[in-house]
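Structure record follows, encoded as structure tokens.
The values are calculated or read from the model by the stated rules, or taken from the named source; none is laboratory data. Every value quoted in this text rests on a predicted model; they were computed, and no experiment measured them. For neighbour counting, all protein chains shown are included, and Cβ atoms are generated from backbone atoms with ideal geometry for every residue, glycine included. Calculation scope for accessible area: heavy atoms of the full protein, side chains included, ligands and nucleic acids excluded. Shrake-Rupley method; radii C 1.70, N 1.55, O 1.52, S 1.80 Å.
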Amino acid sequence: MEKEGIYRTMPIKNLELKPEQLRWKCDPALFKFKTTADIKEKMEIIGQGKALKAMETGLAIGSPGFNVYVAGLSGTGKMTTVKFILEKLKVKNGVPNDKCFVHNFKMPDMPRIIELRAGFGKRFRKDMEDLIDSLTSNIPKVFESENYQESREEIVSRLRASEEDIFQPFQEKLNQENLALIQMKVGTLTKSGIAPLVEGKPIPVEEYVALVNAGKITGVDLEEFKKKYIEYDKQLQEILKAAAAIEREVKEKLEKLDRDFALFVVDGFIESLKVKYGENEEILDFLEQVKDNVLLDIDRFKRGPVEYAPAPGLPTIRIEDSFLEYQVNVIVDNSETKRVPIVIENSPTFHNLFGTVETSFSRSGEPETNHMRIKAGSILRADGGYLVFNAMDALTEPYVWKTLKRALINKVVEIPTTGMFPFFSVSGMKPEPININLKVVMVGDYYLYRMLHGYDEDFRKVFKVKSDFVPDMENSQKHIRDYLNFMNSLCNREGLLHLDPTGAAAVIEFGVEEAGRQKKITTRFSEVADVIREASYLGQKEKVACISSKHVQQAIKDRIERVSQLELIIKEYVDDGRIRIDTAGSKIGQINGLAVYHTGDHVFGKPVRITAETSMGRAGIVNIERESKLSGSTHDKGMLIMSGYLRGKYAQDKPLTLSASICFEQSYAEVDGDSASTAELYVLISSVAQVPIRQNLAVTGSIDQKGNVQPIGGVNEKIEGFFKICKTRGLKGNEGVLIPRMNVDDLMLNEEIVEAVRKGKFHIFSVNTVDEGLELLTGMKCGTRTKTGKYPKGTLNRLVVDRLEILSRGLKEYYGDGETKVANNKN
């Protein structure tokens, strides 16, 4: 239902805002510099005092669990601040130890960890390399010496003589019996045996017996021959056992000789290293095991390089023995470190954090590895210092979070032996666990912190300190100076054009706009820096010496244009009438609410048509958005609060009996938030009282059950959204927006709107109560109850009460003869 010109003009009192209240201005005249290049650069963190204090506390306390979670919105400088504090932090701890892995001779699959003072890991590795070179060079020389050869010959000669003493008498006996001691081949083996002689030549026993049986050899008693043969064979076995014992003795004595001569070389080198590293028990034990292992396998040092041909016809390949067992793998080298390590891990994957054991494949295709293939991760490199990484990155990597908690709780890290997948191991190697003592700084957002703190009990044990970064700070002279210092530092660091006073003032005003309140200024310096960068680009295109306000404003405008496609589409739909918005006249049961759209990189406001219909009935207030499952919980709450207000206002002496529906017209997505609850209440009262509402005004604000109008978010975007529609249709001078009075300090409207208000072409009203808003929208007095409990005649509230009584009376009359109607219907 539409009624033009029915409302009466009411005194606006002090509800309309002045142009000076619509935007905070930064006066360039206050700045005493020509450009920001004149400002003395000062390195400090801006606007995060509490966060800095919390971080310094967590990093300074050495007790378990005092790791730091840095929480805040992106762009507030969390990572920059962490780096700044860590660089400036004064710690008592010295440079941490080097960490080395060596072969474990007792348990080869479990390499041993050895820690040495910073810089000594490389020395120890070099010393072991020198030891290998010395042994491979000197041991062969020892075995080539005359002294060794004489000693060896003496042992061999003496024992060979003993063998002769055993075999010589036995051989003489055999000769007397026309038998001989021979070497027989059995398969691939050779063994000693006895054979009869025929014409001075030994022949097999079987052949000899055949010749006797054939009569070719006469005068032989085969039975006697067999007895002697068996007896001599038994004696031979005893002699062979004695000879084998002699051979073993020869071997043992030669091995002992080799060890004695090798020990003469090895012991000297090992002892010199023991003296050098005498304070480290682990190294002393390792060196002792090295010495024992060298003496057990001296032939490796004797034989030298091995040559082999990969395939027939191909040249031979010379393979040098690398003596890996004796090499040292320095996985953490702090020789160049001047203070405690600070490691920023930009990619906190499982292997990047905890390390890995690399695997290769042998010529036969079998996987193989050794202690020299162990690689340290960021946790070990940061041991004794600080490790910084992004929380979301770590939590989204498989197996990282659980393993990290285990390491921090137990203060031990185990280097995984897995391949590409943590659950699939290609190596049986298990390096010795390593004790760690470091501080972890995890950078994330508020939501992630709440989730971890609420649902992960271990998180509260290992991250006891929260450093909370705020998105804005007080708009004060000190912080304005900090902003100027930031501009100077950014331009110097990145080679940008510096800003003149107007440009600096424009950047500061942008910071206040981003904060969303006149008394605040944003700390999301990444956004501020991007505006300065774009303004510098525009200035360089114009070949000017510095950035002015014109360049800053154009940069901001360009940024909005790049991401405002959806806003332009919706505005086009409104302009051509596909989305219906009325900005003139007055209507019953229709009002312009204001909504905010978030597209991720852009926020904008637009008007939305809200309608209400009321009738006789008992259904109460029906929220069409809720019934169609397009209403969020906060919007539902706003509707319930509105119902409470209506009961308190109009149902103190009678029940509130009506059926009403409220709808966001042409809205097909979820509606949430309570910022439209004032508009919904106004339009419902308009429908009940049958009083038209001005369509040239738009409304935003939430209410409580007492009728107070409460602040909302996005007030600037909402005002600008309605202004753009009105401007396109041609400003007539009576358009405007109603906002909560508590949002006045949040206003940072663009200059175009401020100028329109200054010229009287657009109006911004602030209201504190529902009645103030209704009087502006309807042009009628709302009225207050008299002593009789009634509202005065001619007031809006009286119209509402009278209409409610009419609806209630009509419902009662209808149901009063309802039984007769039902009976008639049945008949």
Express in nm, to one decimal, how much length is gained between residue 360 and residue 40 on full extension, taking 0.36 nm for each residue of separation and deducting their alpha carbon distance.
-> 109.5 nm
Pop the C-beta distance of residue 230 and residue 295 into the FRET formula with R0 = 51 Å and round what comes out to the nearest 0.05.
-> 0.65
Ignoring ligands, DNA and RNA, what accessible area per residue does the range 579-813 give at 1.4 Å, in Å²?
-> 40 Å²
Quick one: pull the percent of accessible area on the chain belonging to carbon and sulfur, 1.4 Å probe, ligands and nucleic acids left out.
-> 51 percent
For n ≥ 4 DSSP H runs only, could you compute -39500 (n - 2.57) per run for the chain, divide by its residues and tell me the 222 nm figure to the nearest 500?
-> -15000 deg cm²/dmol
Bin all alpha-carbon pair distances of the range 579-813 at 10 Å intervals from 0 and give each bin's fraction as a whole percent.
-> 8, 34, 36, 17, 5, 0
Say R0 is 35 Å: what FRET efficiency, to the nearest 0.05, do residue 460 and residue 489 get from their beta-carbon distance?
-> 0.40
Site residue 184, offset 7 angstrom along Cα→Cβ, radius 19 Å on amide nitrogen, limited to the range 199-231, gives 199-213, 222-231
In whole angstrom, the spacing between the Cα centers of the range 244-301 and the range 795-816 equals 111 Å
Once the Cα atoms of helix 146-176 and of the chain are each reduced to a long axis, what angle between those two axes, in degrees from 0 to 90 to the nearest 10, is obtained?
-> 50 degrees
Based only on the alpha carbon positions, what is the Kirkwood hydrodynamic radius of the range 686-739, in angstrom?
-> 12.9 Å
Output the relative contact order of the chain, whole-number percent, from Cα pairs under 8 angstrom with separation of 6+ residues.
-> 17 percent
Angle between the Cα long axis of helix 565-575 and the longest principal axis of the chain, 0 to 90 degrees, nearest 10?
-> 20 degrees
With the convex hull built on the Cα atoms of the range 126-216, state its orientation-averaged projected area in nm².
-> 10.6 nm²
Residues in the range 732-746 reached by a label modelled at residue 14 [backbone nitrogen below 16 Å; 7 Å Cα→Cβ] | 741-745
Beyond 55 Å, what percent of the Cα pairs of the chain remain?
-> 47 percent
In degrees rounded to 10, the 0-90 angle between helix 501-515 Cα long axis and the longest Cα principal axis of the chain is 90 degrees
Nearest-5 percent of antiparallel DSSP beta bridges in the chain?
-> 60 percent
Residue 83-residue 288 FRET efficiency (beta carbon distance; Förster radius 45 Å; 0.05 resolution) = 0.50
Take the alpha-carbon centre of the range 521-538, take the same for the range 105-163, and report the distance between them in whole Å.
-> 67 Å
Scan the range 581-638 for trypsin sites (Lys or Arg not before Pro) in coil per DSSP, keeping those whose Cβ has at most 13 other Cβ atoms within 10 Å, and list them by number.
-> 618, 629
Give the ranking of 771, 802, 38 by solvent-accessible surface, highest area first, calculated with a 1.4 Å probe.
-> 38, 802, 771
Estimated distance in nm for a label pair at residue 809 and residue 177, the labels positioned 7 Å out from Cα along Cα-to-Cβ = 15.0 nm
Give me the number: length gained by fully extending residue 755 to residue 636, i.e. 0.36 nm times residue separation minus the C-alpha to C-alpha distance, one decimal in nm.
-> 39.1 nm
Given labels modelled 7 Å from the Cα in the Cβ direction, how far is it in nm from residue 151 to residue 659?
-> 11.7 nm
Any idea how far apart residue 802 and residue 537 come out in nm if each label point goes 7 Å out from Cα toward Cβ?
-> 6.5 nm
Identify the GluC sites (Glu not before Pro) of the range 188-259 meeting these criteria: DSSP loop state and at most 14 other C-beta atoms within 10 Å of the C-beta.
-> 199
For the range 42-187, average projected area of the Cα convex hull in nm² = 22.6 nm²
Full-extension gain in nm, residue 33 to residue 117, via 0.36 nm per residue minus C-alpha separation = 24.9 nm
